[in-house]
Structure formats: C-alpha cells, structure tokens
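Engineer: Dropping a structure here in structure tokens format, bear with me for questions.
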Amino acid sequence: MDAGESSSPRVASRQVPELVRRSTLEDLRSLAGIDHPIKYRRAAAQRVYCNRDVNMEHIAYIGFDMDYTLAAYRRPAFDELQFSLICETLVKEFGYPSVLLEWHFQPDFLIRGLLLDASRGNFIKCDAYGVMLRVLHGRRRLLQEEMEAAYPSGNVASSQVGEEFQSMDTLYHLPIANVYANLVHYFDDGHVERDENVSAHAAATTAGTNGIAAASLMADDARISYLNLWQDVRAASDIVHERGLLKQRTLERLTEYLSDDDATYRMLRLLRGAGKRLFLLTNSEYWYTSAVMDYMVGRFACPDDPSAGWRHAFDVCIVGAKKPTFFRNGTTLREVDVRTGRPKLDDVRTRHLRLEALRGRVFQGGSIAIFHALAGVARGSSVLYVGDHVYADVLLARKAHHWRTLLVVPELSAEIRALTQAQALLKRLQTLEYLRAEMFRGLDASARERPDRDGVLQAELERVREGIEAAFNRYAGGLFRSAHRTTLFAQQVSFFADLYTERCANLADYPGFYYFSSVSTPQMPHEDQPAMTSERVG
Ligand SMILES: Nc1nc2c(ncn2[C@@H]2O[C@H](COP(=O)(O)O)[C@@H](O)[C@H]2O)c(=O)[nH]1
Ligand SMILES: [Mg+2]
C-alpha cells in the first residue's frame, strides 16, 4: 500500500452496493481497499468466464446456435447413440465385421481438442504452441521413444491443423474418434485380411512412417490403411447425420437425450425482457430444429402451440445455415413454409422487410451479410453469438465480422472439479519447480557441471505432471491444461471466445447491462514480479 492509500477508508463487502451507488469520483479515488471474503458470487458451473471485456449494454443482438448450445444433449447417452449408429452403418453399408455391433462408447476415453493424424492412426495432444505432449495410437499411448521416432520435430505447425492433422474439436467428434480408435486397435491386433492387390496409396502411407509398423496393419500387403479406416468412419458418420438417422432416433426419445428443464426458455424470456433482439442460427434442418425447439422452448412458451411458441421467442430464425460458409459467401436464402417444412423459392427482399415482420417466420441458408441486412445490424460488435464449436461458430464470426462470442463448453464443471482434486499435486509441482530454480541459483555461464546429473528431480517432476493429467482423464489428460501448460484447445478458446461458460442458460444470471471484465485473467510472465507480490527477490 502506498502512502496516499494508507489514510483512506477500507470498507466491508456488504457496504459496497450502497457505496457505488452514492459515491462521488472523489470518494472512489480515496478508497483504499474492499474486504471481499469471496472472490465471485456465482458458483463455478454457473459462471460466465471472460477472456476479453464485453459490455452487455453495447450488445443489441444475441444469437444462438442450437445443437449443444440451446439444446443441451445428455451425455454419454447421446454419444452412445451416435457411436452405435456409426458402427451399425460400418457393418451394414461398408462390410465391417459384425463384432462392431457389440462395441460401446467409452465416456472416459479421449477428450476434445486432440489432433488426428489419420495417416498413422494417432491422436495427438498439443500445448498452446503446438508442442506434442502425448500421442495415442488407437487406444494405446505411445512411449516417448515411439513418439520421437514418429514425429522427430515434436511439433505441429498451425498450417498443418485442418490439413494433415484434423482437429477433433466438437462434441460430435468424440463418438467418431472412439469408433476410429477401436478400429485402429482392432486391426492392429491382427484382425485384418491380407490382400496382394494392395493399392499404391496404401503402400505409400504405410512404409516406415509411424515407428510401429511391425505391429500394425500398415505392412506392405495390407488391404486397408489407417487413412482408409478414417475415410470410412467419416463417411459413416456423414450418413448418420445426413440421412437423419441420429435425429430420428433422438426425437423418438427426447427425454433420454435432451435436458428437460425450462432453463433455456427462461433465459430467452429474460434476455428479451432486458431489451435484447434474439436470433437462432443453426446448421440443423427445419424439421429437426422445430421438434427440438418445441421441446426446449415452445412447450413452456405456448403449451397449446409449441411450434409458434419457439418461433416467436426469436426475432429472426435461420436453419440450415451451413456455418462456417454462412460467415463467408453463404448460400441462397429461402423462407421455410412452416406448415409443410419446405423451403419456398420466392426472393427474399431484405430491404423491404422490417425486423418486426420477421417474428414467427423461419429462413434457411443465407449469409452474414444478408442477416445484417435483415436484422438491421449496423456494427458486428453489437452482436453476441453463443455457440459450442470454435471453428464453425466463433472463429470467423469473431475474426472476420467482429461479433462478440460466447463459447459453450459442457465439460467445464468436470474440468474445474479435476483441477480442485489436483491442487495438492499442483502445489507439489510448484515446490519441485522451486527446487529446480534453487539448484541453478548462483550459477552463471561459466558453470560446467549440471547440478541435477542423476535426473532424480526430473523424474519426480514427470511423475507429478502425469498425476495431474490423470486427475482429468487417464488417457488424454485435461482439456484446457497439461500440468502447468495450456493446451491448443485452451489457446483457441482464449483467442476466439470473448466469453465461455458451461451452459448457455447461465446468461440468465447476468443483467442485460452487465460488464464482463477480464481484469483477473492471468498476466504476462514478466508482470508477476516479486516486488508486486511481496515475495522475496531471487
Ligand atoms: N454431415 C455431418 N453433419 C454433422 C456432423 N457432426 C454434426 N453434424 C451436424 O451439424 C449440425 C450442428 O448444428 P448446430 O446447431 O450446432 O449448428 C447438426 O445438424 C448435426 O447433425 C458430421 O460429422 N457430419
Ligand atoms: Mg452446435
């Protein structure tokens, strides 16, 4: 505390609202400090976390994605359904062995945010800078030396993400990745038919590239490559989505697959009451959107006519949006005939439409430019878009159009729980890091002998790091962190999501004029100086 502050009054937290309401600028300037026994009022799972300041007073429009955003799917039931449909499709339409029908989704295997190297059957976890942290070959974790042999650089360049390495970044990817990992494991185990007519492609992708060729199906005479397996799994997944197999089965048992409270409806009602314009922007088709939104919103808004109920909860409804294309050139905008569910061919003349005239109507396709014209959006920064997919929902919206973004991360509570469980180990990690720093104290560039030649400290550090990762997930570790390092997924969230939260209904707990502040987010390493924290200077 400096001399100027010492004579200023401290106040207790219960006096704060009154103080803020009545104080003059002079009062605030003379304020020394506030005793705040709890840092945050809201429980961890209910909070909206802030990467960059968002003043909700400046937000006139709030848009919502549907799947995994407004529609909170129950997991692992929904994963298991998707997993079993992909396996069924692989057996019935791609000739895979019927043993796949006995497989089950394993909820604690794999996390989002891994990169898939489909040419080698490997899932890779990277830190925020692309440094490889661990590699799973199918269901087996590679040893350090196997990892180094397969990837000598130990790094993934950002230009490789989305090219050689697919990002498993949506919750839809988890069942797909589970099926693929099982297949890699299954075929590696020798369940592969040999065929002399091996394709040149398969041979090229096999020989000596993964360091584990002897045990794998990537031998010269293998009929099918890891890449072929991935192509099949992806194609089967597309069939499951595009033929509506997953959607039909979901609608048959809505209570099993979707949360059934009125939290989504309540949030929309409160936001509308706070004067916000609301819109729906989903890639799902009208028939599915309508049934899901009837269930999530319509039956609470208007029990006699749920379909009208959910449509009138929004100022603009866009289905079949084809994000992320929507955020680029987009597709033809059509109005959906809500009685038949069919798109209509008429031209939609945006200039002649007033926002008020759009209530209750549904559009399909279009682009961000058309949407801005329809809704009368003058500045992208007056829009907050809430979605669950970093790439399709928030990346371009934020980067190219300056929409403010809120990412829904349903894993958040589990991550916070694991972080709490790992506290003792994290503390131990800090102690060991302190010991390591102490070993180097007093040494300068003339030193010739390493103080930790026996590697004991290094081994213990490694053991503690592994323990921390296991508290999150025993196969893949944490979604946002790996011991003290942030992951590639965490980096993308902090780059492209201004805000993030576990479920979008949490927005209901914040006033329409709330100021989300990023003041308490971690600073640059050089800003954590001993003089500031009153720790001793080393
Ligand atoms: N063809 C595929 N469609 C997929 C896949 N994974 C998800 N989806 C579909 O995307 C939308 C998501 O909608 P949104 O509300 O989040 O914008 C939904 O209709 C899914 O069925 C896939 O692997 N292939
Ligand atoms: Mg979604």
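The values are calculated or read from the model by the stated rules, or taken from the named source; none is laboratory data. Just so we're clear, the structure is a prediction, and the values are computed from it rather than from any experiment. As a convention, Cβ positions derive from the backbone with ideal geometry for all residues, glycine included, and neighbour counts pool all protein chains shown. Surface accessibility is based on the protein's heavy atoms, side chains included, excluding ligands, DNA and RNA. Shrake-Rupley method; radii C 1.70, N 1.55, O 1.52, S 1.80 Å.
Engineer: Would you pick out the residues in the stretch 288-334 that are among the basic types (K, R), within 12 Å of ligand 1 (Cβ to nearest atom) and either open to solvent by 30 Å² or more (accessible area, probe 1.4 Å) or assigned to a helix (DSSP H, G or I) (or both)?
Structural biologist: Matches in the stretch 288-334: K322 only.
Engineer: A further question follows. Suppose we keep only residues that are free of Cβ contacts under 8 Å to residues at least 40 places away in the same chain and assigned to a loop (DSSP other than H, G, I, E, B) within the stretch 130-161. Which one would you say is surrounded by the most Cβ atoms within 10 Å (Cβ to Cβ)?
Structural biologist: Per the stated criteria, the residue is Y151.
Engineer: Within the stretch 275-302, which residues are farther than 30 Å from D238 by Cβ and within 26 Å of the chain's Cα centre (by Cα)?
Structural biologist: K276, R277, L278
Engineer: A further question follows. Taking the residues in the stretch 469-525 that are charged (D, E, K, R) and open to solvent by 20 Å² or more (accessible area, probe 1.4 Å) as candidates, determine which candidate is farthest from R52 (Cα to Cα).
Structural biologist: Residue satisfying both the conditions and the ranking: R474.
Engineer: Tell me which residues, restricted to the stretch 31-72, are part of a loop (DSSP other than H, G, I, E, B), at pLDDT below 85 and among the β-branched types (V, I, T).
Structural biologist: Of everything in the stretch 31-72, just one residue is part of a loop (DSSP other than H, G, I, E, B), at pLDDT below 85 and among the β-branched types (V, I, T), namely I38.
Engineer: So how many residues does the stretch 347-368 have that are at pLDDT 90 or above and open to solvent by less than 50 Å² (accessible area, probe 1.4 Å)?
Structural biologist: Summing the residues that are at pLDDT 90 or above and open to solvent by less than 50 Å² (accessible area, probe 1.4 Å) in the stretch 347-368 gives 7.
Engineer: Would the stretch 324-346 turn up any residue that is on the phi > 0 side of the Ramachandran plot, within 16 Å of ligand 2 (Cβ to nearest atom) and modelled with pLDDT of 95 or more?
Structural biologist: no
Engineer: Working only within the stretch 55-70, note down all residues that are open to solvent by 10 Å² or more (accessible area, probe 1.4 Å) and more than 9 Å from ligand 2 (Cβ to nearest atom).
Structural biologist: N55, E57, H58, A60, Y61
Engineer: How many residues are closer than 15 Å to A505 by Cα and either more than 14 Å from ligand 2 (Cβ to nearest atom) or open to solvent by 10 Å² or more (accessible area, probe 1.4 Å) (or both) if we restrict to the stretch 244-272?
Structural biologist: 13
Engineer: Within the stretch 426-448, is there a residue that is among the charged types (D, E, K, R) and in a strand (DSSP E or B)?
Structural biologist: no
Engineer: Considering only the stretch 73-109, how many residues are open to solvent by less than 10 Å² (accessible area, probe 1.4 Å) and in a loop (DSSP other than H, G, I, E, B)?
Structural biologist: 1
Engineer: Looking only at the stretch 402-413, which residues are surrounded by fewer than 17 Cβ atoms within 10 Å (Cβ to Cβ) and either farther than 22 Å from A497 by Cα or of a type outside the set (S, T, N, Q) (or both)?
Structural biologist: The initial filter retains those residues of the stretch 402-413 that are surrounded by fewer than 17 Cβ atoms within 10 Å (Cβ to Cβ), namely 402, 413.
The answer is H402, and nothing else.
Engineer: Go through the stretch 376-397 and count every residue that is more than 16 Å from ligand 1 (Cβ to nearest atom), in a helix (DSSP H, G or I) and open to solvent by 20 Å² or more (accessible area, probe 1.4 Å).
Structural biologist: 1
Engineer: Is it the case that the stretch 489-508 has a residue that's part of a helix (DSSP H, G or I) and touching a Ser or Thr at 6+ places or on another chain (Cβ under 6 Å)?
Structural biologist: First, pick out the residues of the stretch 489-508 that are part of a helix (DSSP H, G or I): 489-496, 504-508.
Okay, now just the ones that are also touching a Ser or Thr at 6+ places or on another chain (Cβ under 6 Å), so 504-505.
Yes - at least one qualifying residue is present in the stretch 489-508.
Engineer: Still on this structure: Tell me yes or no: at least one residue of the stretch 259-274 is under 23 Å from the mean Cα position of the chain (by Cα) and near ligand 1 (Cβ under 10 Å from one of its atoms).
Structural biologist: Scanning the stretch 259-274 turns up no residue that is under 23 Å from the mean Cα position of the chain (by Cα) and near ligand 1 (Cβ under 10 Å from one of its atoms).
Engineer: Taking L101 and the conditions (1) out of contact with any Lys or Arg (no Cβ under 7 Å at 6 or more places or on another chain); (2) more than 23 Å from W287 (Cα to Cα); (3) in contact (Cβ under 8 Å) with a residue 24 or more places away in the chain; (4) not small (G, A, S), which numbered condition does it fall short on, given that it satisfies the others?
Structural biologist: For L101, the failing item is (3).
Engineer: Okay, next question. Being small (G, A, S) and within 16 Å of ligand 2 (Cβ to nearest atom) is the filter; apply it to the stretch 373-394 and report the residue that is modelled with the lowest pLDDT.
Structural biologist: A392
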